[in-house]
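Here's the structure, in structure tokens; my notes come after.
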Amino acid sequence: MSDKNSQYDARTLAAAAAIFIGFALIIFFLPNIMLAVGEQNRVLAGAVVIGVLVLPFVGLWLRGRMRRKGD
């Protein structure tokens with residue numbers, strides 16, 4: 001493996017780890033966030049949950065678009 005490929009793999013791994021840890025923290029605190037927002041507005045609490053669940057798919061879609069532009 002050349003140095004360029006190993007650096008790319010390390011960057012990819014670091015980005016994947018950061019995304020995973022960030023999403024895990026959001027999911028961990030989601031019940032508290034949802035309850036706090038739900039005290040003000042129940043519809044908004046539902047929108048927060050939907051947003052959190054859609055977020056990974058939007059991120060993967062954007063990543064795919066960026067990779068296709070690079071090819």
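Quick notes on this one:
- For the chain, the Rg and Dmax computed from alpha carbons only, in angstrom: 16.9, 55
- Label point distance in nm, R68-A47, each placed 7 Å from Cα along Cα→Cβ: 3.0 nm
- Nearest-ten-degree value, helix 42-70 long axis tilted from longest Cα axis of the chain: 10 degrees
- Computed helical MRE - 222 nm, the chain, DSSP H runs ≥ 4 contributing -39500 (n - 2.57), nearest 500: -34500 deg cm²/dmol
Each value in this text was obtained by applying a stated rule to the coordinates, not by laboratory testing. Note that this is a predicted model, so its numbers are computed, not measured. Backbone-built Cβ (ideal geometry, glycine too); neighbour counts: all protein chains shown.
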